[in-house]
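Since the structure comes first, as C-alpha cells, the remarks are kept for the end.
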C-alpha cells in the first residue's frame, strides 16, 4: 500500500470550495490534473473521471463515490481491472480553519498487486505534481472568485 498526501490553505470558506469541487462540468476550466468528471456528487454514484498527470498519458476510469459530506469530504474508489490489481481511494477533504479559511487535503491510498510497479518513479512524481498543481489551481479559483470588497468612501 502506498499513499500520497498534499494540503494547502485557502482563503475561502469550505462551502465556497465545495461548490467549486462539485461543479463537475466546470472542472476542465480550472483543474490541470482532473480534466473531467461526469456524474453526480451522490454516494454510490459511479463517476467517469479523466486524470492527466503531467508528462504521462491521460487515464480514464470509473470510480464509485464512497463518501459525500457537503463542505467536508468527497471520497471515491477506482480500480484498474479487477479488484486487488491496482485500486485507489481518492480523498478531497475540507477542514475549516476559520469561517473564511480552509485547509484542503488531497490524498490517495493505492493498494493492489501492481502498485509497486505502477506507483514508483516518474508516475509517482507526476501524480504528486498533479495533486499539487490541482491544489494551487483550486486556491487561485476559490480566492479569485470571492466577492470584491468595496472600499469605504465618503460621498
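Residues checked against (1) more than 18 Å from residue 21 (Cα to Cα); (2) in contact with a helix residue (DSSP H, G or I) (Cβ under 9 Å, 6 or more places away or on another chain); (3) part of a helix (DSSP H, G or I):
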position: 90; (1), (2), (3): no, no, no
position: 94; (1), (2), (3): no, yes, no
position: 97; (1), (2), (3): yes, no, no
position: 102; (1), (2), (3): no, yes, no
position: 108; (1), (2), (3): no, yes, no
position: 113; (1), (2), (3): yes, no, no
position: 124; (1), (2), (3): yes, yes, yes
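Residues in the range 8-34 that are part of a strand (DSSP E or B) and loosely packed, with under 15 Cβ neighbours inside 10 Å: how many? Walk me through how you get there before you give the answer.
Of the residues in the range 8-34, the ones part of a strand (DSSP E or B) are 8-10, 34.
Now narrow it down to the ones that are loosely packed, with under 15 Cβ neighbours inside 10 Å: 9.
So the count comes out to 1.
Sort through 60, 77 and tell me the only one that's surrounded by fewer than 14 Cβ atoms within 10 Å (Cβ to Cβ), in contact with a strand residue (DSSP E or B) (Cβ under 8 Å, 6 or more places away or on another chain) and outside any loop (DSSP other than H, G, I, E, B). Before the answer, list the steps.
Numbers: 77 fails: surrounded by fewer than 14 Cβ atoms within 10 Å (Cβ to Cβ).
When all the criteria are applied, what remains is 60.
Kindly indicate the residue of the range 63-74 that is in contact with a strand residue (DSSP E or B) (Cβ under 7 Å, 6 or more places away or on another chain) and assigned to a strand (DSSP E or B) and also nearest to residue 46 (Cα to Cα) among those meeting that condition.
Going residue by residue through the range 63-74, those that are in contact with a strand residue (DSSP E or B) (Cβ under 7 Å, 6 or more places away or on another chain) are 63-68, 71-74.
Of the ones still in play, those that are also assigned to a strand (DSSP E or B) are 64-68, 73-74.
Numbers: 64: 4, 65: 6, 66: 10, 67: 12, 68: 13, 73: 17, 74: 13 Å.
Residue satisfying both the conditions and the ranking: 64.
Is the range 13-23 home to any residue that is in contact with a strand residue (DSSP E or B) (Cβ under 7 Å, 6 or more places away or on another chain), within 27 Å of residue 113 (Cα to Cα) and modelled with pLDDT of 95 or more?
Scanning the range 13-23 turns up no residue that is in contact with a strand residue (DSSP E or B) (Cβ under 7 Å, 6 or more places away or on another chain), within 27 Å of residue 113 (Cα to Cα) and modelled with pLDDT of 95 or more.
Are any residues in the range 48-57 free of Cβ contacts under 8 Å to residues at least 24 places away in the same chain and outside any strand (DSSP E or B), and if so, which ones? Walk me through how you get there before you give the answer.
Initially, the range 48-57 is screened for residues free of Cβ contacts under 8 Å to residues at least 24 places away in the same chain, giving 48, 50, 57.
Across the range 48-57, the qualifying residue is only 57.
Only one of these is at pLDDT below 95 and exposed (fewer than 14 other Cβ atoms within 10 Å of the Cβ): 70, 83. Name it. Even if it seems obvious, please write down each step before you answer.
Numbers: 70 fails: at pLDDT below 95.
On inspection, the qualifying residue turns out to be 83.
The values are calculated or read from the model by the stated rules, or taken from the named source; none is laboratory data. Here the structure is a predicted model, which is why all the values come from computation and not from measurement. Please note: Cβ atoms are built from the backbone with ideal geometry, for glycine as well, and neighbour counts cover all protein chains shown.
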